[in-house]
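J.: Once you've had a glance at the structure underneath, I'll fire off some questions.
What follows is calculated from the coordinates using simple rules that are stated; it is not laboratory data. Quick caveat, the model's predicted, so the values are computed rather than measured. Please note: Cβ atoms are built from the backbone with ideal geometry, for glycine as well, and neighbour counts cover all protein chains shown.
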Amino acid sequence: VTQVLKADASPEKRLFISLITRDISLIAAVLDLIDNSINAAVQPVSQRLLTASDYHDFYQDMRIKPSVDIRIRIGPDRVEIEDTAQGISAETARTQVFKFGTTAERGPVDDRLSVYGIGLKRAIFKLGNRVKILSEHVAGGFDLDLNVSEWERTPQEHWEIDISRRSPAKQGETGTRIEVSELYEPTAQRINDGKFVGQLREAISKTYDFYLARLVNVFVDGVPVDGAHVQISTNRTSEDFDLGDVSCSVNAGIGTPEGKEYRDRTSGWFVFCNGRTVVSADKSTLTGWGTGGLGIFQPKHRPFLGTVFFVSADAQQLPWTTTKSDINEDSAIWQEAKRLMVSVGRTITEFLDSRYKDDGTAVASADLRSIAGGSEHVMSAAAASGRVFAPPPRSASNSVTIQYKAKVTDVRRVAKYLGRPSMGGAEVGRHTFDHFLRNEVGEG
Ligand SMILES: Nc1ncnc2c1ncn2[C@@H]1O[C@H](COP(=O)(O)OP(=O)(O)OP(=O)(O)O)[C@@H](O)[C@H]1O
Ligand SMILES: [Mg+2]
């Protein structure tokens with residue numbers, strides 16, 4: 001006779017909290033809150049952002065001006081984020097916002113940056129123990145004042161958090177404010193390490209380059225954050241493909257130098273999902289370097305700039321991880337993209353490699369600019385248009401470099417013999433070659 005028992009398999013709040021906060025950095029946690037504000041800001045225009053070319057057109061539309069402000073304040077003992085989007089209704093707060101994960105009913109409708117149903121919880125639990133949320137919505141928003149450790153200690157059959165309903169807000173006075181205080185020790189240390197705010201600003205600038213230009217203004221401690229404005233050459237190779245409900249376009253070209261130099265942070269691959277930067281300036285095996293595909297990234301590849309643009313109205317299908325700051329490498333769509341990245345990317349690496357070959361085209365840095373043929377914002381490359389990178393003609397290859405070693409004393413003697421003791425090695429070489437050519441071989 002078998003006796004059927006019910007083994008306890010219920011979740012522990014403690015486990016949840018530690019699991020979801022463990023693998024996310026503090027910066028990524030703050031970005032998760034910004035993602036939510038931007039996702040809310042996108043909702044009214046989400047039907048204009050369905051395909052890759054929609055993102056391109058939206059970016060190009062100069063009539064669109066940022067409509068939502070997001071203000072972040074980082075204090076020694078609190079973190080605050082406030083937005084002027086449409087807010088959260090008490091009903092949505094009651095049924096969706098605090099659930100861990102999304103319910104099956106929530107269809108892919110207006111959300112572009114909200115995917116897994118975890119970001120908000122993860123961010124607040126990462127930051128501190130005391131959470132206050134106030135949201136104004138035209139249908140009536142809500143208030144919340146949560147003591148996380150108390151909540152964690154309270155056993156509940158059905159996990160719940162107390163919220164109170166607010167009266168309806170006027171159009172134009174909506175928005176959400178989240179404040180976390182009683183910061184945890186590691187959080188407080190990181191925030192006060194003297195670098196955090198600067199790094200946060202830089203992360204925002206890189207991550208929301210697209211949205212900062214067209215949809216939102218972001219302020220950190222009152223100071224506006226500018227988009228990174230990464231630029232790619234108009235002379236580039238591009239290819240695109242669709243898989244399921246995701247469209248993808250891959251571009252490789254040349255970046256823009258600052259002064260005379262091609263900088264590290266604008267060099268490598270940039271990957272975007274629904275306009276949000278997921279990976280920037282990557283030169284690792286993640287994006288195909290050093291794996292036989294593109295070869296190891298070397299200093300001569302500094303001018304390389306590639307972009308991969310994934311777009312889907314169903315954000316679940318995009319190849320990002322739950323933190324949205326990394327790629328789900330096993331996804332079929334990423335595998336396919338990577339294949340293209342190698343073939344598209346090679347048109348540029350082969351050209352850059354050839355600059356350093358004797359028989360190839362010798363291209364000085366200054367000439368790279370003219371080969372680039374102008375530059376435009378990487379978002380302009382969101383919609384690929386079947387371009388093919390055109391390397392410069394190989395006519396310059398009618399000259400070669402000759403190098404050899406000679407004793408310093410011998411070079412000096414030749415220089416002295418020629419009556420110019422201060423002549424350098426290269427000049428002595430050129431002179432003696434010319435002399436031989438003229439007097440022994442004869443002019444051609
Ligand atoms: N600032 C905000 N304005 C409007 N709605 C918001 C805001 N922040 C959160 N929400 C609502 O709360 C929900 C839950 O947010 P949460 O970040 O936990 O998950 P998600 O955004 O759906 O998914 P992800 O795990 O990808 O972030 C969102 O789907 C959205 O409906
Ligand atoms: Mg979110």
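J.: Which ³J(HN,Hα) values, rounded to whole Hz and listed in residue order, are derived for the range 56-73 from phi using the Karplus coefficients 6.51, -1.76 and 1.60 in 6.51 cos²θ - 1.76 cosθ + 1.60 with θ = phi - 60°, glycine and proline given as x?
T.: Residue by residue, the range 56-73 yields 4, 5, 4, 5, 6, 6, 5, 6, 7, 10, x, 10, 10, 9, 10, 10, 10, 10 Hz.
J.: So what's the angle, to the nearest 10 degrees on a 0 to 90 scale, between helix 332-354 and the longest Cα principal axis of the chain?
T.: On a 0 to 90 degree scale, this one is about 20.
J.: Over the chain, what is the mean sequence separation of C-alpha contacts under 8 Å (at least six apart), divided by residue count, expressed as relative contact order in percent? Walk me through the numbers on the way to the answer.
T.: Values: 806 pairs, mean separation 73.4, N = 444.
Averaging sequence separation for qualifying contacts and normalising by length gives 17 percent for the chain.
J.: Using the number of other C-beta atoms within 10 angstrom as an exposure proxy, rank TYR417, TYR262 with the fewest first.
T.: Details: TYR417 10, TYR262 20.
Ascending Cβ contact count within 10 Å gives the list TYR417, TYR262.
J.: Of SER167, SER53, SER18, SER233, how do they rank once you tally other Cβ atoms within 10 Å and put the fewest first?
T.: Ranking SER167, SER53, SER18, SER233 by Cβ neighbours within 10 Å, fewest first, gives SER167, SER18, SER53, SER233.
J.: Angle between the Cα long axis of helix 196-207 and the longest principal axis of the chain, 0 to 90 degrees, nearest 10?
T.: It is inclined by approximately 80 degrees.
J.: Can I ask one more? Can you work out D for the range 142-207 in µm² s⁻¹ from Stokes-Einstein, where Rh is the Kirkwood radius over C-alpha pairs, the temperature is 4 °C and the viscosity is 1.567 mPa s?
T.: Details: Rh = 15.8 Å.
This corresponds to a translational diffusion coefficient of 82 µm²/s.
J.: For the Cα atoms of the chain, what angle does the longest principal axis make with the long axis of helix 408-417, in degrees from 0 to 90, nearest 10?
T.: 50 degrees
J.: Follow-up. Consider just the alpha-carbon atoms of the range 33-185 and return their Rg together with their Dmax, both in angstrom.
T.: In Å, with Rg to one decimal and Dmax whole: 16.5, 53.
J.: Moving to a separate point now. Which order, highest average first, do 307-317, 275-285 follow once you tally other Cβ atoms within 10 Å for each residue and take the mean per peptide?
T.: Numbers: 307-317: 22.2, 275-285: 20.2.
For the peptides 307-317, 275-285, the packing ranking is 307-317, 275-285.
J.: Cα atoms only, the range 12-117: Rg and Dmax in Å?
T.: Every Cα atom of the range 12-117 included, Rg and Dmax give 16.1, 50 Å.
J.: Another question, then. Sequence-distant or interchain residues sharing an amide H contact under 5 Å with LEU183, placed H: which?
T.: It is ASN129, by chain and number.
J.: Can you give the alpha-carbon Rg of the chain over 2.2 N^0.38 Å, where N counts its residues?
T.: 1.29
J.: Can you list the lysines whose alpha carbon sits under 21 Å from that of LYS416, skipping same-chain ones fewer than 8 residues off?
T.: Here the lysines satisfying the reach criterion relative to LYS416 are LYS405, LYS407.
J.: Report the Cα centroid-to-centroid distance between the range 268-338 and the range 87-158 in angstrom, as an integer.
T.: About 30 Å separates the Cα centre of the range 268-338 from the one of the range 87-158.
J.: Taking amide H atoms as placed 1.01 Å from N in the peptide plane, list the residues 5 or more away in sequence, or in a different chain, whose amide H sits under 5 Å from that of ILE254.
T.: SER233, LEU305
J.: Working only with C-alpha atoms, what are the Rg and Dmax values of the range 105-158, expressed in angstrom?
T.: 14.1, 36
J.: Right, here's the next one. Kirkwood Rh, Cα Rg: Rg to Rh for the range 267-372?
T.: Radius of gyration relative to Kirkwood radius: 1.03.
J.: Now, a different point. Treat every Asp and Glu Cβ in the range 239-393 as -1 and every Lys and Arg Cβ as +1, leave all other atoms uncharged, and give the resulting dipole magnitude about the Cα centre to the nearest 20 debye. Present the calculation step by step, with values, prior to reporting the outcome.
T.: Details: 15 positive and 19 negative charges, 95 e Å.
Magnitude of the dipole: close to 460 debye.
J.: Give the aspartates and glutamates reachable from LYS13 as a straight Cα distance under 15 Å; neighbours fewer than 8 places away on the same chain don't count.
T.: GLU150, GLU152, GLU157, GLU160
J.: Can you list residues whose amide H is under 5 Å from ILE24's amide H, if they're 5+ apart or on another chain and H is modeled 1.01 Å from N?
T.: HN-HN under 5 Å from ILE24: empty list.
J.: Can you sort ASP111, ASP264, ASP32 so the residue with the fewest Cβ neighbours within 10 Å comes first?
T.: If I rank by nearby Cβ atoms, fewest first, I get ASP264, ASP111, ASP32.
J.: A follow-up question, please. For the range 372-382, in order, what is each residue's ³J(HN,Hα) by Karplus, 6.51 cos²θ - 1.76 cosθ + 1.60 with θ = phi - 60°, in whole Hz (x at glycine and Pro)?
T.: 4, x, x, 9, 9, 4, 4, 5, 5, 8, 4
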